[in-house]
Each structure stands twice: as structure tokens, then as C-alpha cells.
Amino acid sequence: MQEGSWPGTAGPRVKRRALLLGTAMGLAAQPRAWAQSYPDKPVTIVVAFSAGGEPDILARAMAPTMQRLLGQPVVIENRPGATTIIGTEYVSRSRPDGYTLLLTSSTTHAVVPHLFKKLPFTTEQFQPITLLMRGQLALYCNPKLPFRSVADVVEEAKRRKQEPLTYTITNRGAVAHLSGERMQQALGIRLQDVPYRGSTQAQQGLMRGDVDIGFDGLPAYVELVKAGNIRALAVTGPKRISALPDVPTFDEAGFPGIAQPYWFGLFAPAGIPDAVTARILEASRIALQEAALGDQMQAVGAQLETNGPEAFAAMIGQERESWGQLIRSIGLTLD
């Protein structure tokens with residue numbers, strides 16, 4: 001009898017060890033095989049904003065190329081509302097399998113956690129995949145007002161302490177609103193905010209003269225500024241935009257560090273396999289290159305850009321700390 005082959009002992013032990021080893025190898029191979037088969041059904045990108053805005057346009061421009069690369073339909077589903085909470089909560093409850101993704105803004109992961117004591121999700125429930133776009137904000141006024149520069153606004157605001165200048169808010173707690181608050185802190189002025197339901201209503205308020213100034217994203221305003229219906233006084237980016245070459249940056253106007261760009265990015269539920277994340281990232285990068293949005297977005301100060309999970313997560317963490325300091329300093333809560 002060979003050594004190590006006693007009946008009822010070594011034999012079964014060897015068989016059991018082989019069985020366990022085979023099972024472990026099989027389990028280890030499953031994620032890789034599963035990732036290689038991804039996707040085998042339609043992929044849904046939930047946009048946490050209404051149809052027709054920048055993030056919706058971005059998602060729908062990327063979808064055809066992503067669909068071709070992934071070999072499955074890519075469905076765009078708008079779930080707006082509650083400072084992006086509605087769409088974000090929906091995705092947080094989805095399986096981490098790469099079939100339900102979230103396209104949202106800096107507001108969701110860098111701002112909202114500071115505004116609400118109770119949220120139906122946590123930032124830890126999401127895997128950042130990639131940045132997609134950075135956008136610029138601008139300071140606007142009614143063209144009938146005498147303001148020709150940021151300095152004019154500051155001078156008038158300091159003079160009118162008893163009757164403050166009014167400014168538009170399109171989404172309380174969003175980056176545009178908080179950038180307006182940061183601007184007031186940096187410039188040493190105080191403005192009276194006037195809430196509007198969206199950029200369109202805010203534009204109408206500016207044009208009618210119901211409100212003095214506005215602080216909002218550029219894309220929806222460029223044509224109105226060109227037509228002379230609204231005046232742009234400064235943009236927040238590092239350089240002027242080609243669509244409005246005569247409008248200076250805040251830095252050029254002598255007021256550096258006023259605001260930071262807003263951005264849109266792609267997320268998945270936490271726990272998504274790394275190989276699936278890599279597949280989505282690759283498809284997103286190529287889709288942005290082929291989306292034919294580069295010139296259109298750059299004209300209004302937007303920059304298409306991808307980075308990857310680690311860099312994106314680090315960027316979000318830095319912004320979350322920065323916005324948190326501002327929110328605490330002004331005592332803003334939305335509960």
C-alpha cells in the first residue's frame with residue numbers, strides 16, 4: 001500500500017482538498033468571465049436632471065458610441081428633482097452590475113451631503129467612474145443697468161446696504177448658488193437672493209428687470225448675451241470663452257478665486273467589478289471623443305475631460321471639503 005493512502009483517511013482528504021481547490025478556482029474565474037460577457041442586456045444611464053439641459057445633452061451625445069462599443073442598447077433615463085436626490089437614490093438601490101449608471105453633477109457628491117442631515121443614500125454607496133465635463137459660471141445683469149464690470153457691482157452693493165441688490169437663485173444648494181455665496185464672501189458684499197424654478201425663468205426675470213444680477217451656468221445664456229438681452233460681466237474659468245471673447249474672467253477683473261467650475265461625471269453603485277468599471281470607462285472616453293461636442297462645448301466655456309476612478313474620487317473629496325467649509329460658514333441647511 002502506498003504511503004499516505006490509508007483507507008478512509010488520506011484518500012478522502014486528498015479528494016476533499018482537490019474539490020475545495022477546484023471550487024475556489026472556479027469562483028475566482030467567475031468575475032473575470034462575467035466581466036468579459038458584460039454587457040449582455042441594455043445599459044441604463046440615469047441622468048439626475050431634466051431633459052434638454054447640459055447633462056442630458058451630454059448623455060445622449062455619448063450614447064450612440066457607447067452602444068456601438070458595448071454591443072447593447074444604452075438607454076438614457078431622466079430622473080430629476082430634489083437637488084439631484086431623486087435620480088441618485090434610484091441608482092443607489094440598483095445592483096452593482098454595471099447595468100444602471102448615474103450621470104450627475106458636483107452638487108450630488110460634493111455639496112448635498114453637507115446640506116441634509118438625513119439622505120436616502122451615502123456617497124460610499126457609489127463608485128466614481130470618470131469625470132465627463134467641466135462647465136463655467138458667469139455673473140450677469142440686466143443690460144439697462146449701469147454695471148459694466150464686477151467692480152461696478154461691488155461698488156453699488158456696498159453703497160446699497162439698506163436695500164441690497166437682488167440676484168437669481170435657480171437651485172438652492174447647487175454649485176451655482178454656492179458660488180454666488182462664495183462670491184459675496186470674497187467681495188465683501190451682501191445680496192438679496194430671489195429664487196427661480198430654473199435658468200429660463202431666471203433669464204426672464206433679468207430681462208424684465210425684476211432682479212438686478214444673476215450667477216448661473218454659461219450655455220443657456222450665451223445667445224441671450226450675444227443678442228444684448230442680458231449682459232455678462234465676468235466668467236469663472238481660467239480664460240475667456242470663444243463665444244463671448246469680450247467678457248473677462250474674474251481673475252482679469254481683479255477678483256481671483258471667486259468660484260470653481262461645476263462638473264458632470266459618471267458613477268455606478270459601489271461593488272461593481274473592476275473589469276466592468278474599466279469597460280465603461282473605456283467606452284466613455286471614446287464616446288466623448290466621437291460625440292462631436294468638443295467645439296460646441298468649448299465655445300461656451302465647457303471642457304470635455306475624463307480622468308478615471310481614483311483621480312475622480314480624489315477630486316470629489318477635495319471639493320466636498322471646500323464646499324463643506326463654505327456651507328458651514330453660512331449656516332445653510334435644506335432639511
On the principal axes of its Cα set, how long, how wide and how thick is the chain? Give whole Å, largest value first. 104, 40, 31
Whole-Hz Karplus couplings 3J(HN,Hα) for region 120-130, θ = phi - 60° and coefficients 6.51, -1.76, 1.60, Gly and Pro as x, run x, 7, 10, 5, 5, 7, 10, 9, x, 9, 6
Using amide H atoms built 1.01 Å from N in the peptide plane, name the residues 5+ places from F49, or on other chains, whose amide H lies under 5 Å from its own. R79
Aspartates and glutamates with Cα under 19 Å of K118, excluding same-chain neighbours fewer than 8 positions away: E89, E321, D335
Span-like helix ranges in the chain, DSSP H, alpha carbon extent 20 angstrom or more, Kyte mean at least -1.0: 10-37, 54-70, 274-290, 309-330
Based on alpha-carbon positions alone, could you give the equivalent ellipsoid semi-axes of region 75-213 from the gyration tensor, as √(5λ), descending, whole Å? 35, 15, 13
Within the chain, helix-based [θ] at 222 nm, where runs of 4 or more DSSP H residues each add -39,500 (n - 2.57), nearest 500: -13000 deg cm²/dmol
Express the Stokes-Einstein translational diffusion coefficient of region 211-276 in µm² s⁻¹, to the nearest whole number, given a Kirkwood radius over alpha-carbon pairs, 25 °C and a viscosity of 0.890 mPa s. 171 µm²/s
Estimate the FRET efficiency between Q289 and N229 by the formula 1/(1 + (r/R0)^6), using the beta-carbon distance for r and 41 Å for R0, to the nearest 0.05. 0.75
Anchor K226: lysines whose Cα lies under 30 Å away (excluding residues fewer than 8 positions away in-chain): K144, K158, K239
For region 137-235, divide the Cα radius of gyration by the Kirkwood radius and give the resulting Rg/Rh value with two decimals. 0.92
Test of understanding: ordering E54, E155 by Cβ neighbours within 10 Å, fewest first, what list do you get? E155, E54
Region 155-209-region 250-272 distance, computed between alpha-carbon centres (Å): 19 Å
Springs between alpha-carbon pairs under 10 angstrom, Gaussian network model over the chain: which of L218, L145, L131 fluctuates most? L145
Quick one: what are the phi-derived ³J(HN,Hα) couplings along region 228-236, Karplus 6.51/-1.76/1.60 with θ = phi - 60°, whole Hz, x for glycine and proline? x, 7, 9, 9, 9, 9, 6, 10, 8
Just to check, using Stokes-Einstein with a Kirkwood Rh over alpha carbon pairs, what's the diffusion coefficient of region 192-335 at 25 °C and 0.890 mPa s in µm²/s? 135 µm²/s
So how many Å³ per residue does the convex hull of the Cα atoms of region 70-143 work out to? 154 Å³
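Read-outs throughout are calculated quantities, based only on the coordinates presented, and are distinct from any laboratory measurement. All of these numbers come straight from a predicted model, not from anything done at the bench. As a convention, Cβ positions derive from the backbone with ideal geometry for all residues, glycine included, and neighbour counts pool all protein chains shown.
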